[in-house]
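The values are calculated or read from the model by the stated rules, or taken from the named source; none is laboratory data. Since the model is a prediction, treat every value here as computed from it, not as a measurement. Heads up, the Cβs are rebuilt from the backbone with ideal geometry, glycines too, and the neighbour counts pull from every protein chain shown.
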Amino acid sequence: MRALQLTQKRQLHGVDIPEPGAPGPGEALVATKTMGVCGTDISGFLGKMPFIDFPRILGHELGVEVISVGTGVSHLQVGDRCCVEPYLHCGQCYSCRRGSTNCCEHMRVLGVHCDGGLRERMVLPASKLHVANSLSYEQLALVEMLGIGCHAVDRAKLSHADEVLVLGAGPIGLTVIEFTLLTGARTTVCEPGETRRAFVKARYPEVTVLSEPPNDLAAQVVFDATGNPGSMSQAFRYAHFTGRIIYVGITKEPVVLDDPLFHRKELTLLASRNALSRDFPRILELMTTGKLAITDWINDFATLDDAQEGFERWTKPGSTVVKAVIRVS
């Protein structure tokens, strides 16, 4: 069976791996059709993702087809199109027992802590497969990414009366925008990259787009989707008194907190990690009804055969890719 393995920094190699075998109880055998390329995959390719060890088969934003199911599986049929919830939680730790499976203390994410979807077939827990036969495999590959924005906006407890500032208009920032707009909240986006600014202006005419925040900018809710420690530190400046700041992006570097400002404004700082199981059917419903229609984000494709070239292209300075998808099979 064909697979693509990241063997070292910037090196993807086609490999032949054993077939996964028949699914056991509560499992399903699936064929990987599409994989969305996200910042985690890019960081792994560049050797900057601390949770990815070499060699690793990347891929957690997946559209798959069900080939067969094990005993005890009733919600899947052979031929079903599904998106994948790639967070393999233990079900036993403190977080899991409280329903916060996105924060499992022993979390394994497909394509990060264990091998992911850049292979023709794999066996997965059936509970991690969400059916949507009316959607394309390209659409299904976008669902997990949308879950990041969905969960972050839920964490913020937005209302239509809130003023929102989103820092960073990469794919994750765009998912945040999608869900802030669904609440009716007035949204401003700050993005230094000209190409990304142009995309947001064209795609979201109701959004105010800035290249950098002016000194007097203030919002009740600030989402930082940059993963840049400087931006994350500056986010406190842009929040109204009693405002809320949500870190969606992540960094390995320390983030400086201006404590007098933090206290004076009585701010609330929240982190947002992954997504919850309930987010996936909600997103599928929004996509099926046309309330989330983002396939125009996809502006580059690759296959297993030319994925190395694709990653080289997507990581070049000045790349104009918004969202890339790899067609696996």
Margin query: Against the condition at pLDDT below 95, of a type in the set (A, V, I, L, M) and either more than 23 Å from the chain's Cα centre (by Cα) or assigned by TED's automatic domain parsing to the domain that holds residue 126 (or both), how does residue 17 come out, does it pass?
Written below: no
Reported set for the range 184-206 where residues are outside any strand (DSSP E or B) and touching a Lys or Arg at 6+ places or on another chain (Cβ under 9 Å) is 191, 206
All conditions in (1) assigned to a helix (DSSP H, G or I); (2) modelled with pLDDT of 95 or more are true of residue 296 except (2)
When the range 55-75 is checked residue by residue, the ones that are among the β-branched types (Val, Ile, Thr), more than 16 Å from residue 115 (Cβ to Cβ) and part of a loop (DSSP other than H, G, I, E, B) are 71, 73
From the option list 237, 196, single residue qualifying as assigned by TED's automatic domain parsing to the domain that holds residue 254, touching a residue at least 12 places away in the same chain (Cβ under 8 Å), surrounded by fewer than 20 Cβ atoms within 10 Å (Cβ to Cβ) and not hydrophobic (A, V, I, L, M, F, W, C) is 237
Worksheet item: Is it fair to say residue 175 is of a type in the set (Ser, Thr, Tyr), assigned to a helix (DSSP H, G or I), within 29 Å of residue 49 (Cβ to Cβ) and modelled with pLDDT of 95 or more?
Response: yes
In the range 182-208, anything in contact with an Asp or Glu (Cβ under 7 Å, 6 or more places away or on another chain) and among the aliphatic types (A, V, I, L, M) is listed as 185, 200
Note: among 319, 277, just one is surrounded by 12 or more Cβ atoms within 10 Å (Cβ to Cβ) and at pLDDT below 95, namely 319
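Table: residues versus (1) within 29 Å of residue 171 (Cα to Cα); (2) assigned to a loop (DSSP other than H, G, I, E, B); (3) touching a Gly at 6+ places or on another chain (Cβ under 6 Å).
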position	(1), (2), (3)
21	no, yes, no
32	yes, no, yes
35	yes, no, yes
48	yes, yes, no
53	yes, yes, no
77	no, yes, no
All conditions in (1) over 17 Å from the mean Cα position of the chain (by Cα); (2) within 18 Å of residue 328 (Cβ to Cβ); (3) modelled with pLDDT under 95; (4) of a type outside the set (Asp, Glu) are true of residue 2 except (3)
Condition set among the aliphatic types (A, V, I, L, M), crowded, with 16+ Cβ neighbours inside 10 Å and under 18 Å from the mean Cα position of the chain (by Cα), scope the range 284-308, selection farthest from residue 14 (Cα to Cα): answer is 286
- Qualifying residue in the range 276-283 (condition: more than 28 Å from residue 197 (Cα to Cα), free of Cβ contacts under 8 Å to residues at least 60 places away in the same chain and within 21 Å of the chain's Cα centre (by Cα)): yes
Residues of the range 108-131 being touching a strand residue (DSSP E or B) at 6+ places or on another chain (Cβ under 6 Å) and either part of a loop (DSSP other than H, G, I, E, B) or of a type in the set (Phe, Trp, Tyr) (or both), in sequence order, are 116, 117, 118, 120
When restricted to 74, 68, 95, the only residue within 23 Å of residue 150 (Cβ to Cβ) and surrounded by fewer than 20 Cβ atoms within 10 Å (Cβ to Cβ) is 95
Of the residues in the range 209-264 that are in a strand (DSSP E or B) and aliphatic (A, V, I, L, M), the one that is nearest to the chain's Cα centre (by Cα) is 246
Worksheet item: Given the structure, is residue 83 at pLDDT 95 or above, part of a strand (DSSP E or B) and either acidic (Asp, Glu) or not assigned by TED's automatic domain parsing to the domain that holds residue 175 (or both)?
Response: yes
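Every residue, every condition in (1) touching a Lys or Arg at 6+ places or on another chain (Cβ under 8 Å); (2) under 27 Å from residue 315 (Cα atoms), yes or no:
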site	(1), (2)
33	yes, yes
37	yes, yes
60	no, yes
67	yes, no
77	no, no
82	no, no
92	no, no
117	no, yes
122	no, no
